[in-house]
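The values are calculated or read from the model by the stated rules, or taken from the named source; none is laboratory data. Being a predicted model, the structure only gives us computed values, none of them experimental. Cβ sites come from the backbone with ideal geometry, for glycine too, and all protein chains shown count toward neighbours.
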Amino acid sequence: MNEKKVNGKSYKILKLLGKGKGGYSYLACSNNKCVVVKQIHHEPCGYYTFGNKIEAELYDYKRLLNAGIRMPVLIDVNKEQEIIVKEYIEGDTIFELVKRGESVDEYIKQVRQMAALAKKAGLNIDYYPTNFVVQNNLIYYIDYECNEYSEKWNFDNWGIKYWSRTKEFEEALQKENH
């Protein structure tokens, strides 16, 4: 697959950025502008239950937007093809920074601000560090997933475990390398 058509517009696929619970995200270009093309998949996920994934992405995008979370702009969607096109935020993920041994302390303040906004809106975002990209010293939440707020899954009780070289981070790194 080297091209995706979304609502009549062609996007040249440059590379796979990653695979998440809900889809594959690709770096793509059209008219010299890079974007992310996310193709929803229906592969099983043992620890998460989905309804209609494309509708959930759109609903969550609106909830995050209303909460004031810094994230990529939604550019286009094709519900039938289950494809989302969104702004590409170029930069390293928090996961990559931690993996290289770099401090992410300056970004923890920003993620805590996002967490406060999310909580105020009754939401949790997915605080796993691959979901945050640094650009111009700002972090962006690049996923659109969010869930109803729960203390168990907030940043301080779950997410922070992956924002430094903790036991949990090292275990995740091992899984990535296998």
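Details
- Filter result (over 20 Å from Y26 (Cβ atoms), surrounded by fewer than 22 Cβ atoms within 10 Å (Cβ to Cβ) and not aliphatic (A, V, I, L, M)) within the stretch 130-149: N136, N137, N147, E148, Y149
- Residue that is more than 21 Å from Y144 (Cβ to Cβ) and part of a strand (DSSP E or B), where the choices are K38, K12, K4: K12
- Unique match (being surrounded by fewer than 16 Cβ atoms within 10 Å (Cβ to Cβ) and outside any loop (DSSP other than H, G, I, E, B)) among L65, L17, L97, L27: L65
- Considering each residue of the stretch 92-100 in turn, at least one proves to be assigned by TED's automatic domain parsing to the domain that holds L117, among the basic types (K, R) and over 30 Å from E148 (Cβ atoms).
- Counting only residues that are surrounded by fewer than 22 Cβ atoms within 10 Å (Cβ to Cβ) and among the aromatic types (F, W, Y), the stretch 105-129 holds 2 of them.
- Within the stretch 124-136, being outside any strand (DSSP E or B) and under 17 Å from the mean Cα position of the chain (by Cα) holds for D126, Y127, Y128, P129, T130, N131.
- Selection status of D76, over 14 Å from the mean Cα position of the chain (by Cα) and either modelled with pLDDT of 95 or more or buried (at least 17 other Cβ atoms within 10 Å of the Cβ) (or both): yes
- Residue that is of a type in the set (G, A, S) and either within 12 Å of the chain's Cα centre (by Cα) or in the same structural domain as S25 (by TED's automatic domain parsing) (or both), where the choices are A56, A121, A67, A116: A56
- Verdict on I108 being in a helix (DSSP H, G or I) and under 18 Å from the mean Cα position of the chain (by Cα): yes
- The stretch 158-171 - residue that is surrounded by 13 or more Cβ atoms within 10 Å (Cβ to Cβ) and free of Cβ contacts under 8 Å to residues at least 24 places away in the same chain and, of those, farthest from K109 (Cα to Cα): E168
- Residue match in the stretch 105-123 (condition: at pLDDT 95 or above and either touching a Gly at 6+ places or on another chain (Cβ under 6 Å) or closer than 30 Å to E3 by Cβ (or both)): yes
- Selected residue (only one of E80, E145 is within 20 Å of E55 (Cβ to Cβ) and assigned by TED's automatic domain parsing to the domain that holds I13): E80
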